[in-house]
Amino acid sequence: MGLKLLFICTGNTCRSPMAEGLAHELLGEGVQVSSAGMEAWEGDKASPQALKVLKERNVDLSDHRSRRVSLELLSGADWIIPMTQAQEESLKRRFPQFAPKIRCLGEWGERPYDIRDPWMGSVSEYRQTALEIEELLRSLKEQLKL
């Protein structure tokens, strides 16, 4: 199988599942995408707002279940893509062996920035987050020549 991308956020119920779903649609079958959370509760569903916003884009997250970052998940990824620079730094401290393949999603764009956590926010906040993620995924696609 082709390139393996692992998206990381805090709880694996908002940003990283949205990135996983959008990347699956945008990058196609040749790229394996998955997600995890730094502080995830194993087995949680994606947030209702994330489900709604991605459903509007014909992306179904209903089968998503959260999982916590693990050595096994990180070792299997070609790129580990956290949503914030703080998460990137934390992952590099906790798992220095993977530092070369950890790069914050916001660093794939024209200027580095964090993807704000929409957790407990409105559907419109989730829509904005999805737009930001999609824009950065397009940059990632271009830079990786996918």
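The values are calculated or read from the model by the stated rules, or taken from the named source; none is laboratory data. All values derive from a computational prediction rather than experimental measurement. A quick note on method: Cβ atoms are made from the backbone with ideal geometry, for glycine too, and the neighbour counts reach across all protein chains shown.
Quick one: would you say Ala99 is within 14 Å of the chain's Cα centre (by Cα), at pLDDT 95 or above and surrounded by 13 or more Cβ atoms within 10 Å (Cβ to Cβ)?
Judged against the criteria, Ala99 is not a match.
Rundown of residues vs (1) closer than 19 Å to Leu5 by Cβ; (2) aromatic (Phe, Trp, Tyr); (3) in contact with a Leu (Cβ under 7 Å, 6 or more places away or on another chain); (4) without any contact (Cβ under 8 Å) to a residue 40 or more places away in the chain, yes/no style:
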residue	(1), (2), (3), (4)
Gly37	yes, no, no, yes
Gly43	no, no, no, yes
Ser66	yes, no, no, no
Asp78	yes, no, yes, no
Ile81	yes, no, yes, no
Gln87	yes, no, no, no
Ile115	yes, no, yes, no
Ser124	no, no, no, yes
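Pick from Ala19, Ala50: which is assigned to a helix (DSSP H, G or I), over 12 Å from the mean Cα position of the chain (by Cα), among the hydrophobic types (A, V, I, L, M, F, W, C) and within 17 Å of Arg116 (Cβ to Cβ)?
Of Ala19, Ala50, the one residue that is assigned to a helix (DSSP H, G or I), over 12 Å from the mean Cα position of the chain (by Cα), among the hydrophobic types (A, V, I, L, M, F, W, C) and within 17 Å of Arg116 (Cβ to Cβ) is Ala50.
Go through region 1-16 and count every residue that is surrounded by fewer than 17 Cβ atoms within 10 Å (Cβ to Cβ) and assigned to a loop (DSSP other than H, G, I, E, B). Reasoning before the result, please.
Restricting attention to region 1-16, the residues satisfying the condition of being surrounded by fewer than 17 Cβ atoms within 10 Å (Cβ to Cβ) are 1-4.
Imposing the further condition that a residue be assigned to a loop (DSSP other than H, G, I, E, B) reduces the set to 1-3.
The qualifying residues number 3.
So Arg111 fits all but one of (1) surrounded by fewer than 13 Cβ atoms within 10 Å (Cβ to Cβ); (2) within 19 Å of Cys14 (Cβ to Cβ); (3) without any contact (Cβ under 8 Å) to a residue 12 or more places away in the chain; what number is the exception?
(2)
Say we look at region 18-32 and pick out the residues that are in contact with a Lys or Arg (Cβ under 9 Å, 6 or more places away or on another chain) and touching a residue at least 40 places away in the same chain (Cβ under 8 Å); which of these is farthest from Leu144 (Cα to Cα)?
Across region 18-32, the extreme among qualifying residues is Gly21.
Residue-by-condition table, conditions (1) of a type outside the set (D, E, K, R); (2) in contact with a strand residue (DSSP E or B) (Cβ under 9 Å, 6 or more places away or on another chain):
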position	(1), (2)
Glu88	no, yes
Arg94	no, no
Gln97	yes, no
Arg103	no, yes
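Which of the following residues is more than 16 Å from Arg15 (Cβ to Cβ) and hydroxyl-bearing (Ser, Thr, Tyr): Ser139, Ser90, Ser122?
Going through Ser139, Ser90, Ser122 in turn, the sole match is Ser139.
Among the residues of region 38-63, what is the count of those that are farther than 22 Å from Glu135 by Cβ and surrounded by 15 or more Cβ atoms within 10 Å (Cβ to Cβ)?
4
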